[in-house]
Structure formats: structure tokens, C-alpha cells
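Trainee: This is the structure I have questions about; it appears just below.
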């Protein structure tokens, strides 16, 4: 799935919710989310809320790979929050690396 436009927490959580519902309906257990076309930076509190929301909305998912912009201030905080709540989520810059991780054991 791809997301684009200006970053807003409410819209990104809606993307995660829709993505989770689609994955559940299709029986998908691994998801690639490309947010490399989303503009703006994420406040640290939003990173927490996104990690927490992703873990709750995607609890049925085995792996979530997120492709981000190379120029985005990367802290890994959202992924730490998600992982601490049981979601195996990782960030990537290269889509091929994300796909390889999703395909791995």
C-alpha cells in the first residue's frame, strides 16, 4: 500500500486501520507500506501514537515493512513502540530490502 500527501496523524492512523481491514479480509499476514511520498516530519509524540496504533490495528499481522523517505529524521521510536506491543515492524529506505525482509523466514 502507498500513502502520499501531507503528514497528519489522524489520516495516517486511518491508513493503518484500512490497511489492517484489507489484510484481514485477504488473509495477508505481511504488509508493505510505502510512505516515501508523505511530506512533512513527524513529531515525537506522533511517533509514539503511530507505533501504539499500528500494534493495536495490525495485531493480526506477522510483519509490517514501512518504506520511508531518506531525508526523514529517523529515530526508530515508532518501530520500538510497535515492537514492544508485539508487532514486528521495521523501517526501510530501499523498497527491495523491505520486500526481501517480508519474504524471509
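Trainee: Highest first, please rank the peptides 2-8, 51-57, 83-89 by the mean number of other Cβ atoms sitting within 10 Å of their residues.
Mentor: Values: 2-8: 12.3, 51-57: 21.0, 83-89: 16.4.
Sorting 2-8, 51-57, 83-89 by mean packing, highest first, produces 51-57, 83-89, 2-8.
Trainee: In whole angstrom, how far apart do the alpha carbon centroids of region 11-35 and region 49-105 sit?
Mentor: First find each Cα centre; the distance between them is then 12 Å.
Trainee: Once you keep just the Cα pairs under 8 angstrom separated by 6 or more residues, what percentage relative contact order results for the chain? Write out the running numbers ahead of the final one.
Mentor: On the way: 165 pairs, mean separation 31.0, N = 105.
Relative CO of the chain lands at 30 percent.
Trainee: Continuing with the same structure: As a check on your grasp of the helix formula, calculate [θ] at 222 nm for the chain: sum -39500 (n - 2.57) over DSSP H runs of n ≥ 4, divide by the residue count, round to the nearest 500.
Mentor: Values: 4 runs with 49 residues, N = 105.
Theoretical 222 nm ellipticity from helices: -14500 deg cm²/dmol.
Trainee: Right, something else. If you project the alpha carbons of region 2-103 onto the principal axes, what extent comes out on each, in Å, largest first?
Mentor: Projected onto the principal axes, the Cα atoms of region 2-103 cover 32, 27, 25 Å.
Bear in mind that the values in this text are calculations on the coordinates, not laboratory data. Predicted model only: the values in this text are computed from it and were never measured. Virtual Cβ from ideal backbone geometry, glycine too; neighbours counted across all protein chains shown.
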